[in-house]
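The structure under discussion appears below in the form of structure tokens.
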């Protein structure tokens, strides 16, 4: 499994980890745990994203790493030293806040120069560093402005410059692009990624936006209910989700209840609600008896044509709705005795569908995943 | 104010009545000013209107007569000390209450505000009896302490209001960039809550400078403040110097009011 190679479970812990969470738990009231048994390594130079819905524990984890929250139990190592009791000002971590947290009473240059004074950098040396940091985010000319005189995207860049100017080895970001419009957000994603790779910084990034996570990250930790559901590179996460939550949270997925019948040529054979038999990859983790779901992405469902290749699942259903979305059609179908299935069919490959008609669809067994629950 | 040309006669009449009533109320409220200010410039030693001849003799008396001058100095010193104490204590209290994990916030806030609500005579008698135990009656310190109790609620309220719009991530950002607790407070938090502190300080200064009841109870001749001097002046002998003092107080109030207006305008801009 690709996800196991990048995983950080016992035994597989590498020595070049910059950050290491060991059995970290956090509770505010002593009863409910917001973060449960967190084990996570962040390698030097890595861009790691913590992705999850609100309340999943990702921001609390980031705040513990930044020093604004203390873990209830467990250990956090930074560069080989335990830091659970170290205040934020002693951690030398760059932090970019959700609303930028620029100091409104200081100019842009004063904001960026703020961390330098605490590192004994003054005068000409400080001015040079500020100019270089502002240059890096293309804001050389804005040094004398106040944050309020800048656009949202520019404020975002100032926050970035301020977090980078003192050359921290680790930079944390808490949904830094949440307040920007879609176009700007996509541009900033690429800019941040460029800065991170060119400066070789380790970044831990928190977001609830899955496309943002997929675009920027080396690895993504999907948080839900205080636990990491899956930790993997974007491709693995997208193609091989390990459980129903990840399958449903990253991209779109059809998850359909089924029962395991047996195995055949390394594929699992499952029976759907209407008795039809399908085959699926990802059988290794599935045990017979428990509640299982067959998961397949809408773009992996195609119209069945004359000669299906071996290993192709065929099924039919009744069209309920058809939407035209420019480059593809979105087809809602009822199949397997009442199960709603969505398919994305490229416009070039589609014929005219009408609600109520019966369609024959196919999906490759290799594109199907068998998930528990 | 002005009606369109198609207004009916009854509409015109009702408009005239409303405007007339409003002007009458306004005149009633500010009438004392029309009397006090001209009288303070009158040459006559008794209160006669209209003023026959103008002079500055009562202002000369105010600044020349040691009793009046000392009273002004006492008032100014007490007000400045009260302002410093009340602003410091009120800001600290507001900062504490604003913390998200602060217990019993409502009850403690109510307690802090109570000197504003309790009748002033009760505060005065209470302070007099309580401070007597510690020898603080007839001392400047006693007066300043009592005035601080009266003035602090204003600071708590204005600073709390400012803090409600303060982004606590600014403090966190300062810490993450290397600032320790005190440094982050003075370089980031304080400049951003300063407008609230200054508004509170202005209220605190005015509270102390105008206050007469507590000052009557707690001061002897040496610490006598301007309002107390005016009060006793009225009882002892009618003297237009009171009018000069009143005009001075009035001018100060207007200046403070203007300062406050400028401050809030800058904040909302």
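The values are calculated or read from the model by the stated rules, or taken from the named source; none is laboratory data. Since the model is a prediction, treat every value here as computed from it, not as a measurement. Positions of Cβ are backbone-derived with ideal geometry, glycine not excepted, and every protein chain shown enters the neighbour counts.
Report the residue count in the stretch A:95-124 for those that are more than 17 Å from residue B:179 (Cα to Cα) and out of contact with any helix residue (DSSP H, G or I) (no Cβ under 8 Å at 6 or more places or on another chain).
3
Conditions tested, residue by residue: (1) out of contact with any strand residue (DSSP E or B) (no Cβ under 7 Å at 6 or more places or on another chain); (2) assigned to a loop (DSSP other than H, G, I, E, B); (3) within 14 Å of another protein chain (Cβ to nearest Cβ); (4) within 30 Å of residue B:41 (Cα to Cα).
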{"residue": "B:179", "(1), (2), (3), (4)": "yes, yes, yes, no"}
{"residue": "B:190", "(1), (2), (3), (4)": "yes, no, yes, no"}
{"residue": "B:203", "(1), (2), (3), (4)": "yes, no, no, yes"}
{"residue": "B:208", "(1), (2), (3), (4)": "yes, no, no, yes"}
{"residue": "B:215", "(1), (2), (3), (4)": "yes, no, no, yes"}
{"residue": "B:230", "(1), (2), (3), (4)": "yes, no, no, yes"}
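State yes or no: is residue B:184 over 15 Å from residue B:144 (Cα atoms), within 14 Å of chain A (Cβ to nearest Cβ) and not in a helix (DSSP H, G or I)?
Details: over 15 Å from residue B:144 (Cα atoms): yes; within 14 Å of chain A (Cβ to nearest Cβ): yes; not in a helix (DSSP H, G or I): no.
Considered against the rule, which asks whether it is over 15 Å from residue B:144 (Cα atoms), within 14 Å of chain A (Cβ to nearest Cβ) and not in a helix (DSSP H, G or I), residue B:184 comes out as no.
May I ask you to say which residue of A:356, A:326 is outside any strand (DSSP E or B) and either in contact with a strand residue (DSSP E or B) (Cβ under 8 Å, 6 or more places away or on another chain) or under 14 Å from residue A:253 (Cα atoms) (or both)? Quick ask: steps written out before the conclusion?
Values: A:326 fails: either in contact with a strand residue (DSSP E or B) (Cβ under 8 Å, 6 or more places away or on another chain) or under 14 Å from residue A:253 (Cα atoms) (or both).
After ruling out the rest, the residue left standing is A:356.
Could you list, in sequence order, the residues of the stretch A:286-297 that are at pLDDT 65 or above and farther than 10 Å from residue A:363 by Cβ? So that I can check it myself, show each step before the final result.
Kept after step one, since they are at pLDDT 65 or above, are these residues of the stretch A:286-297: A:290-297.
Within the stretch A:286-297, A:290, A:291, A:292, A:293, A:295 meet the criteria.
So in the stretch A:71-85, with the set limited to residues that are touching a strand residue (DSSP E or B) at 6+ places or on another chain (Cβ under 8 Å) and outside any strand (DSSP E or B), which one is nearest to the other protein chains (Cβ to nearest Cβ)?
Filtering the stretch A:71-85 for residues that are touching a strand residue (DSSP E or B) at 6+ places or on another chain (Cβ under 8 Å) and outside any strand (DSSP E or B), the one nearest to the other protein chains (Cβ to nearest Cβ) comes out as A:83.
Considering only the stretch A:211-226, state which residues are more than 16 Å from residue A:193 (Cβ to Cβ) and surrounded by 19 or more Cβ atoms within 10 Å (Cβ to Cβ).
Scanning the stretch A:211-226 gives A:221, A:222, A:223, A:224, A:226.
Can you tell which of B:157, B:234 is touching a helix residue (DSSP H, G or I) at 6+ places or on another chain (Cβ under 8 Å) and buried (at least 17 other Cβ atoms within 10 Å of the Cβ)?
Being touching a helix residue (DSSP H, G or I) at 6+ places or on another chain (Cβ under 8 Å) and buried (at least 17 other Cβ atoms within 10 Å of the Cβ) holds for just one of B:157, B:234, which is B:157.
Would the stretch A:150-161 turn up any residue that is within 14 Å of another protein chain (Cβ to nearest Cβ), touching a helix residue (DSSP H, G or I) at 6+ places or on another chain (Cβ under 6 Å), surrounded by 15 or more Cβ atoms within 10 Å (Cβ to Cβ) and more than 30 Å from residue A:76 (Cα to Cα)?
There is at least one residue in the stretch A:150-161 that is within 14 Å of another protein chain (Cβ to nearest Cβ), touching a helix residue (DSSP H, G or I) at 6+ places or on another chain (Cβ under 6 Å), surrounded by 15 or more Cβ atoms within 10 Å (Cβ to Cβ) and more than 30 Å from residue A:76 (Cα to Cα).
Please return the ranges of strands (runs of 3 or more DSSP E) entirely within the stretch A:178-273 where 1 or more residues are closer than 30 Å to residue A:24 by Cα.
Strands (runs of 3 or more DSSP E) meeting the threshold: A:202-207, A:219-224, A:227-232.
Could you check how many residues of the stretch A:94-111 are more than 9 Å from every other protein chain (Cβ to nearest Cβ) and part of a loop (DSSP other than H, G, I, E, B)?
Adding up the residues that qualify gives 1.
Scan the stretch A:235-249 residue by residue and report those that are free of Cβ contacts under 8 Å to residues at least 40 places away in the same chain and under 21 Å from residue A:21 (Cβ atoms).
Within the stretch A:235-249, A:245, A:246 meet the criteria.
I'd like to check something: does the stretch B:61-81 contain any residue that is surrounded by 16 or more Cβ atoms within 10 Å (Cβ to Cβ) and over 19 Å from residue B:209 (Cα atoms)?
So far as the stretch B:61-81 goes, yes, one or more of its residues are surrounded by 16 or more Cβ atoms within 10 Å (Cβ to Cβ) and over 19 Å from residue B:209 (Cα atoms).
Could you list, in sequence order, all residues of the stretch A:117-128 that are facing another protein chain (nearest Cβ under 9 Å) and over 23 Å from residue A:65 (Cα atoms)?
Once the filter is applied, which keeps residues that are facing another protein chain (nearest Cβ under 9 Å) and over 23 Å from residue A:65 (Cα atoms), the stretch A:117-128 yields only A:117.
Just to check your reading of the model, which residue among B:81, B:62 is in a helix (DSSP H, G or I) and either modelled with pLDDT under 85 or touching a strand residue (DSSP E or B) at 6+ places or on another chain (Cβ under 7 Å) (or both)? Spell out the reasoning first.
Details: B:81 fails: either modelled with pLDDT under 85 or touching a strand residue (DSSP E or B) at 6+ places or on another chain (Cβ under 7 Å) (or both).
Being in a helix (DSSP H, G or I) and either modelled with pLDDT under 85 or touching a strand residue (DSSP E or B) at 6+ places or on another chain (Cβ under 7 Å) (or both) holds for just one of B:81, B:62, which is B:62.
Surrounded by 15 or more Cβ atoms within 10 Å (Cβ to Cβ), at the interface with chain B (Cβ under 8 Å from one of its Cβ atoms) and part of a helix (DSSP H, G or I): is that true of residue A:114 in this structure?
The answer is yes for residue A:114.
Since residue B:129 meets every condition but one in (1) more than 11 Å from chain A (Cβ to nearest Cβ); (2) closer than 28 Å to residue B:264 by Cα; (3) more than 18 Å from the chain's Cα centre (by Cα), which condition does it not meet?
Answer for residue B:129: the failing condition is (2).
Given B:241, B:148, B:139, B:225, which one is at pLDDT 90 or above and either away from chain A (no Cβ under 14 Å) or touching a helix residue (DSSP H, G or I) at 6+ places or on another chain (Cβ under 6 Å) (or both)?
Just one listed residue meets the conditions, B:148.
Can you go through A:48, A:65 and tell me which one is within 14 Å of another protein chain (Cβ to nearest Cβ), out of contact with any helix residue (DSSP H, G or I) (no Cβ under 6 Å at 6 or more places or on another chain) and at pLDDT 90 or above?
From the options A:48, A:65, the qualifying one is A:65.
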